[in-house]
Amino acid sequence: MDLVFWEIARASGLAAYAALCISVLSGLAPRTQALSFLANNRAVRALHDWTPWIIIPAALTHVGALLLDATARIGLLDVFVPFLTSYGQLAIGLGTISLDLLIVVLVTTWLRRRFSNNAWQWWHRVSYLGFVTMFLHSMLSGTDLTSPVIAALSWASAIGIGYYALERLGKALNPARIRA
């Protein structure tokens with residue numbers, strides 16, 4: 001039975017990772033110079049707004065399957081407090097951090113009207129850190145990265161997100177923009 005839970009954990013982990021990549025890219029890329037023409041595209045906006053409805057059940061399924069998998073030896077406390085597991089502390093701890101950050105981003109998004117726009121944007125930018133921790137979690141603990149297709153898609157997503165994040169950061173730190 002553990003093999004079934006392990007396969008469910010793998011599939012749902014990949015689904016959560018893919019949905020997070022899509023969410024971050026569809027939120028980030030239209031705000032860059034290269035893809036600014038997408039900023040008012042309803043389909044891209046809808047993609048960004050609706051991918052959490054894929055991430056949430058996929059992440060919950062991933063965590064639930066690992067809790068039920070006796071071989072994984074993941075306890076309820078391990079789900080929320082990083083680096084407590086008896087093995088793979090870094091890899092699993094990064095997964096825990098990514099889940100915690102995902103929760104922060106989702107809750108602050110649902111409470112967006114209670115924040116100033118500037119405060120909400122800072123909280124929403126935590127999703128970049130959430131992506132980095134999930135990427136590292138998948139690289140360190142994911143057994144599916146031996147597949148060339150999955151590895152290529154993972155690295156392509158990370159490179160794309162990294163490129164567009166650096167482009168936005170450069171734009172934000174541009175001295176000419178700050179003086180204007």
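The values are calculated or read from the model by the stated rules, or taken from the named source; none is laboratory data. What you see is a predicted model; the values in this text were computed from it and never measured. Neighbour counts run over all protein chains shown; Cβ positions are idealised from the backbone, glycine included. Note: areas computed on protein heavy atoms with side chains; ligands, DNA, RNA excluded. Shrake-Rupley method; radii C 1.70, N 1.55, O 1.52, S 1.80 Å.
Within region 77-99, residues that are hydrophobic (A, V, I, L, M, F, W, C) reach partners that are open to solvent by less than 60 Å² (accessible area, probe 1.4 Å) and not in a helix (DSSP H, G or I) with beta carbons closer than 6 Å, at six or more positions or on different chains, in the pairs 92/85; 97/82. Across region 77-104, what is the total count of residues that are outside any helix (DSSP H, G or I), in contact with a Leu (Cβ under 9 Å, 6 or more places away or on another chain) and either of a type in the set (S, T, N, Q) or open to solvent by less than 70 Å² (accessible area, probe 1.4 Å) (or both)? Residues in region 77-104 being outside any helix (DSSP H, G or I), in contact with a Leu (Cβ under 9 Å, 6 or more places away or on another chain) and either of a type in the set (S, T, N, Q) or open to solvent by less than 70 Å² (accessible area, probe 1.4 Å) (or both): 2 in total. Residues considered: 116, 86. Of these, the only one that is more than 21 Å from residue 15 (Cβ to Cβ), over 19 Å from the mean Cα position of the chain (by Cα), among the hydroxyl-bearing types (Ser, Thr, Tyr) and modelled with pLDDT of 90 or more is 116.
So for region 141-148 (the condition being under 18 Å from residue 19 (Cβ atoms), of a type outside the set (Ser, Thr, Tyr) and not in a helix (DSSP H, G or I)), does at least one residue qualify? Yes; the residues of region 141-148 include at least one that is under 18 Å from residue 19 (Cβ atoms), of a type outside the set (Ser, Thr, Tyr) and not in a helix (DSSP H, G or I). Contact map, region 1-13: first residue over 11 Å from residue 62 (Cβ atoms) and free of Cβ contacts under 8 Å to residues at least 60 places away in the same chain, second residue of a type in the set (D, E, K, R) and open to solvent by less than 60 Å² (accessible area, probe 1.4 Å), Cβ cut-off under 9 Å, separation 6 or more or different chains; pairs are 1/69; 3/69; 4/69. Scanning region 146-169 for residues that are over 26 Å from residue 111 (Cβ atoms), of a type in the set (A, V, I, L, M) and open to solvent by less than 40 Å² (accessible area, probe 1.4 Å) yields 151, 158.
Taking the conditions (1) of a type in the set (Gly, Ala, Ser); (2) farther than 23 Å from residue 106 by Cα; (3) free of Cβ contacts under 8 Å to residues at least 40 places away in the same chain in turn, residue 141 satisfies each one other than (3). Looking at the structure I just gave you, is residue 74 surrounded by 18 or more Cβ atoms within 10 Å (Cβ to Cβ) and not in a helix (DSSP H, G or I)? Here the answer is yes, as residue 74 does meet what is asked. The set of residues from region 119-144 being open to solvent by less than 40 Å² (accessible area, probe 1.4 Å) and either under 23 Å from residue 8 (Cβ atoms) or of a type outside the set (Val, Ile, Thr) (or both) comprises 119, 120, 127, 130, 131, 133, 134, 135, 137, 138, 142, 144. Criterion first (open to solvent by less than 40 Å² (accessible area, probe 1.4 Å), part of a helix (DSSP H, G or I), under 22 Å from residue 162 (Cβ atoms) and in contact (Cβ under 8 Å) with a residue 60 or more places away in the chain) does residue 16 satisfy it? So residue 16 passes the test.
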